[in-house]
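Q: Sharing a structure below in structure tokens format, with a few things to ask.
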Amino acid sequence: MKERLRKIIIDAAKQAHVAGILHTDVFAGAVVEAPNVEAHGDFATNFAMANASVLKKPPRKIAGIILEHIDDPDGIIEKFEIAGPGFINFFIRPSAWHPILCDIHEKKETYGASDIGRNKKVQVEFVSANPTGPLHVGHGRGAVVGDSLASILAFCQYAVTREYYINDNGRQIDTLTLGRSVHARCRELSGRDVTFPEDGYKGDYVYDIARDLLEKDGENLFAPEETGSADAVINRCAEFAAAGILAGIRTDLECLGIRFDVWFSEKGLYESGKVRDIMEALKLDGRVYEKDGALWFKSSDYGDEKDRVVVRSNGQTTYFASDIAYHRDKFDRGFDRVVDVWGADHHGYVPRLSAAIDAMGYDRECFKVILVHLVNLLRDNVQIAMSTRAGEFTTLKDVVDEVGSDAARFIFLTRHHESPLDFDLDLAKKKTNDNPVYYVQYVHARISSILKKAEADGCAAPKAGIAPDLSGLNTVEDVRLMKHLSRYPGIIETAALMMEPHRVAYFLMELAAAFHAYYNKHRVLTDDPDMTVARLYLVSAVAVVIKNGLNLLGVFAPESM
RNA sequence: GCGCCUGUAGCUCAGCCGGAUAGAGCAACGGACUUCUAAUCCGUAGGUCGCAGGUUCGAAUCCUGCCAGGCGCGCCA
């Protein structure tokens with residue numbers, strides 16, 4: 001609709017040029033948009049104002065000229081007016097909205113899909129939490145944002161791969177700390193004396209792991225240390241723990257409806273020599289140098305504030321080194337666009353990785369980091385403290401068990417990802433309109449209920465492929481709903497381009513509000529068969545879009561509640 | 001100290017690649033169920049868009065400088 005109007009306006013301006021009234025037919029960029037005040041019509045354009053200086057005429061005068069040359073062959077415009085400093089407002093004839101409904105019924109679950117992706121390969125890497133403890137709500141937010149973003153991109157014809165990067169390189173300090181923590185608990189559980197590591201993981205889950213491991217390995221866990229080589233045992237503990245925790249992470253994510261296409265192993269990067277290879281390549285190119293016994297990458301040559309260590313003086317590589325290799329591997333796998341979803345506390349890491357991507361000869365513009373801000377978990381309006389190491393936290397699993405996947409997912413998407421989010425457990429469980437997820441789902445349930453009743457009453461359902469007579473859909477509320485539905489494809493496209501999945505959630509809340517208002521004002525099932533069929537056609541289109549949108553957010557669209 | 005993010009109604013937040021009278025929900029107050037689900041709706045009230053400049057016909061939106069909060073500034077991740 002917007003596009004059609006845009007064309008009508010430009011054509012009118014060109015006509016005016018042909019008629020010799022305007023001295024040029026090269027115009028400045030102008031927009032057609034839906035005004036926020038209904039009195040200003042269905043659409044408005046700032047064309048006249050934007051072109052005032054180009055055309056050297058006052059805006060209102062230009063607007064008048066445009067209107068005189070408007071050609072509207074399909075008669076979609078009911079009336080237009082010049083308003084304010086030079087806006088042109090268009091009022092669309094109610095019947096001009098009807099084709100939207102046919103479009104929705106025709107496309108169903110693909111309504112709103114866009115082809116802007118053109119099959120370009122995109123990778124979305126998200127969560128990627130270290131397997132040192134269960135996921136907490138902060139991870140959950142990143143998981144949901146990443147997963148929904150991936151769905152939206154896929155819907156826009158990007159070829160999407162969802163990937164989880166596992167920090168399973170056994171030499172990392174975190175993993176070893178975990179190993180020592182588990183081993184200490186094993187000693188404790190078997191009645192041995194123990195000094196728990198100061199920096200160890202204190203969470204209860206460490207006991208669970210220790211118990212499992214004791215059952216499996218028994219005394220073997222203690223024999224070697226008495227002969228003086230404890231390393232092997234600690235490694236055993238670390239690997240056992242990490243594997244168990246990772247399996248738990250996987251199940252927790254599945255409970256949120258999240259599955260990955262690829263679980264990418266950091267260890268694999270070392271084993272295949274990819275870390276060594278890229279380090280040597282960078283050395284040859286002079287991108288890394290030695291100083292103080294360590295190896296440094298010249299990230300400051302590429303916009304970072306300082307150079308960064310890739311190999312420490314003790315010979316150990318840093319995470320940065322494997323991240324460089326990892327991102328090279330991503331681009332080498334042919335991804336046109338690489339998206340990383342990180343916690344916002346890692347934002348300082350962005351410049352160095354961008355620098356590395358640049359230095360390796362890839363386009364840093366193809367690399368995008370989505371920074372997801374922290375989550376405050378609230379119960380009874382009191383913040384619940386969270387610290388993995390201290391073991392004080394409510395896990396993601398606890399939260400999902402308590403409030404359900406749908407509520408959790410939806411709430412994670414009710415903020416822009418760069419805004420901090422208060423996750424209110426009490427609110428998430430409330431089954432009222434305070435809770436946006438039920439508010440939206442209720443629309444689907446209500447419509448399903450109407451459709452069932454219509455069927456039971458023997459109402460003639462709209463025939464497949466043939467639109468019923470829709471001329472009855474002409475009230476303000478009918479038009480509001482249709483207008484809303486027509487905005488959906490644009491919302492999807494913006495959400496994909498800006499990588500902002502929350503836009504879909506907000507759209508759904510607004511559509512839900514429009515529907516609930518409609519429901520309270522108009523009956524769908526009436527004595528008038530034509531009207532009934534037309535309204536059934538309308539509300540079932542609403543249900544299609546609600547389900548379609550919820551699906552992108554990974555939220556279920558129930559038929560009854 | 002430097003960098004990034006945030007600052008919009010009493011509360012929680014949308015809107016931010018410039019548009020008209022800044023929106024929603026909650027909380028407050030007043031209404032609507034013999035009706036397709038009241039997990040809903042309608043109405044009232046509520047604002048120096050952190051502050052100050054600048055650019056523009058026009059700024060919540062862009063630029064600069066301040067203020068406040070969060071996060072980050074390791075041969076940790």
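Q: Within 7 Å of RNA strand B (Cβ to nearest atom), farther than 25 Å from A:Y111 by Cα and in a helix (DSSP H, G or I): does that describe A:K431?
A: Here the answer is no, as A:K431 does not meet what is asked.
Q: A:P489 fails exactly one of the following numbered conditions: (1) under 27 Å from A:P35 (Cβ atoms); (2) within 12 Å of RNA strand B (Cβ to nearest atom); (3) of a type outside the set (S, T, N, Q). What is the number of that condition?
A: Answer for A:P489: the failing condition is (2).
Q: Being in contact (Cβ under 8 Å) with a residue 40 or more places away in the chain, closer than 13 Å to A:G140 by Cα, in a helix (DSSP H, G or I) and not polar (S, T, N, Q) is the filter here; which residues of segment A:402-428 pass it?
A: Scanning segment A:402-428 gives A:D406, A:A408, A:R409, A:F410, A:F412.
Q: May I ask you to say which residue of A:V310, A:V338 is within 12 Å of RNA strand B (Cβ to nearest atom), assigned by TED's automatic domain parsing to the domain that holds A:R364, under 33 Å from the mean Cα position of the chain (by Cα) and not acidic (D, E)? Before the answer, list the steps.
A: Numbers: A:V338 fails: within 12 Å of RNA strand B (Cβ to nearest atom).
Just a single option satisfies the conditions, and that option is A:V310.
Q: Quick one: A:D363 ticks every box in (1) of a type outside the set (F, W, Y); (2) surrounded by fewer than 21 Cβ atoms within 10 Å (Cβ to Cβ); (3) at pLDDT below 90; (4) within 25 Å of A:A150 (Cα to Cα) bar one, so which box is it?
A: Unmet for A:D363, out of (1) of a type outside the set (F, W, Y); (2) surrounded by fewer than 21 Cβ atoms within 10 Å (Cβ to Cβ); (3) at pLDDT below 90; (4) within 25 Å of A:A150 (Cα to Cα): (3).
Q: Could you list all residues from segment A:520-561 that are out of contact with any helix residue (DSSP H, G or I) (no Cβ under 8 Å at 6 or more places or on another chain) and away from RNA strand B (no atom under 12 Å from the Cβ)?
A: Listed by number, the residues that qualify are A:D528, A:P529, A:D530, A:V533, A:A534.
Q: Got a sec? Which strands (runs of 3 or more DSSP E) wholly within segment A:1-93 have at least 2 residues that are more than 15 Å from A:K483 (Cβ to Cβ), in contact with a helix residue (DSSP H, G or I) (Cβ under 8 Å, 6 or more places away or on another chain) and outside the structural domain of A:V479 (by TED's automatic domain parsing)? Full working, then the answer.
A: Details: elements: A:43-45, A:77-83, A:87-92.
Once the strands (runs of 3 or more DSSP E) in segment A:1-93 are filtered for at least 2 residues that are more than 15 Å from A:K483 (Cβ to Cβ), in contact with a helix residue (DSSP H, G or I) (Cβ under 8 Å, 6 or more places away or on another chain) and outside the structural domain of A:V479 (by TED's automatic domain parsing), what remains is A:77-83, A:87-92.
Q: Now, a different point. One residue is enough: does segment A:272-289 have a residue meeting the conditions surrounded by fewer than 18 Cβ atoms within 10 Å (Cβ to Cβ) and within 33 Å of the chain's Cα centre (by Cα)?
A: Looking only at segment A:272-289, we keep the residues that are surrounded by fewer than 18 Cβ atoms within 10 Å (Cβ to Cβ), and these are A:272-273, A:276-277, A:280-281, A:283-286, A:289.
This time we only want the ones that are within 33 Å of the chain's Cα centre (by Cα), so: A:272.
Looking through segment A:272-289, at least one residue is surrounded by fewer than 18 Cβ atoms within 10 Å (Cβ to Cβ) and within 33 Å of the chain's Cα centre (by Cα).
Q: Of the numbered conditions (1) at pLDDT 95 or above; (2) in contact with a strand residue (DSSP E or B) (Cβ under 7 Å, 6 or more places away or on another chain), A:A557 fails exactly one; give the number of that condition.
A: It fails just one condition, (2).
Q: With the condition being surrounded by 12 or more Cβ atoms within 10 Å (Cβ to Cβ), of a type outside the set (D, E) and at pLDDT 85 or above, I'd like the helices (runs of 4 or more DSSP H) fully within segment A:197-268 carrying at least 3 qualifying residues.
A: Numbers: elements: A:205-217, A:223-226, A:231-255.
The qualifying helices (runs of 4 or more DSSP H) are A:205-217, A:231-255.
The values are calculated or read from the model by the stated rules, or taken from the named source; none is laboratory data. Here the structure is a predicted model, which is why all the values come from computation and not from measurement. With ideal geometry, Cβ positions are generated from the backbone for all residues, glycine too; neighbour counts draw on all protein chains shown.
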